[in-house]
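K.L.:
Encoded as structure tokens, here's the structure I'll be asking about.
Read-outs: derived from the displayed coordinates by stated rules, not from any lab. Values in this document were obtained by computation on a predicted structure and should not be read as measured data. In this analysis, Cβ positions are derived from the backbone assuming ideal geometry, glycine residues included, and neighbour counts consider all displayed protein chains.
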Amino acid sequence: MRQIDPTEVLQPRSERSESKCSPDTVTRQAEVLFSAYRAADYADPKGFAVQLCSILSEFSEEVVLYITSPRTGIQRRSKWPPTISEVLQACEEQRDYLAKLREARKVVPLLPRRPTLGVPGSLANVFLSDTWDRYARVLEWTKAADPRHYRAGKSSDGRNGMWVALNAYQDGFPLEAERKSEAAE
């Protein structure tokens, strides 16, 4: 009886989809999985190797490497050599899991970009109308304030005014002279 080489069951590279695992990788990883168990544990070790290569060749390299790795593979879950159907099931489960991950990445909406913190007005998040009784103080404050903390603009309802940083609003728009006198005390 003629010996069967495991790579004979693999299709030539030109006939396979680019997403399938290469014959060299399949053969190497089949050996990794096969070496995790005693040869005596297999009824027909060579027949198993041929069938294993045939199954693994139908999956992507990512799936094959995961299923046959000593760190993540089927040999971590099974004390006994897996059957061909168990290897197939593990490969299909990993393929389906990866497909769900890829699909989930497509579904996640992109969040709007946050403004760059160095841009003038980038920290301004509270709107103050130009009709506000303390608006003159805000204008005076802007002469010495960090430009990132304010910007002129309109509100969502179209009113003219100034956008300011929340902390400046909460601090009451301290003027430079007030800051110096507070620091001296």
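K.L.:
Run down the lysines and flag those whose C-alpha is under 24 Å from the C-alpha of Lys143, throwing out any fewer than 8 positions away in its chain.
P.N.:
Within reach: Lys154, Lys180.
K.L.:
Something else now. How large is the dipole of region 6-107 about the Cα centre if only Lys and Arg carry +1 and Asp and Glu carry -1, each at its Cβ, rounded to the nearest 20 debye?
P.N.:
Using Cβ point charges on Lys, Arg, Asp and Glu, region 6-107 gives about 400 debye.
K.L.:
Excluding residues on the same chain fewer than 8 positions from Lys106, give the lysines whose Cα lies under 26 Å from its Cα.
P.N.:
Lys20
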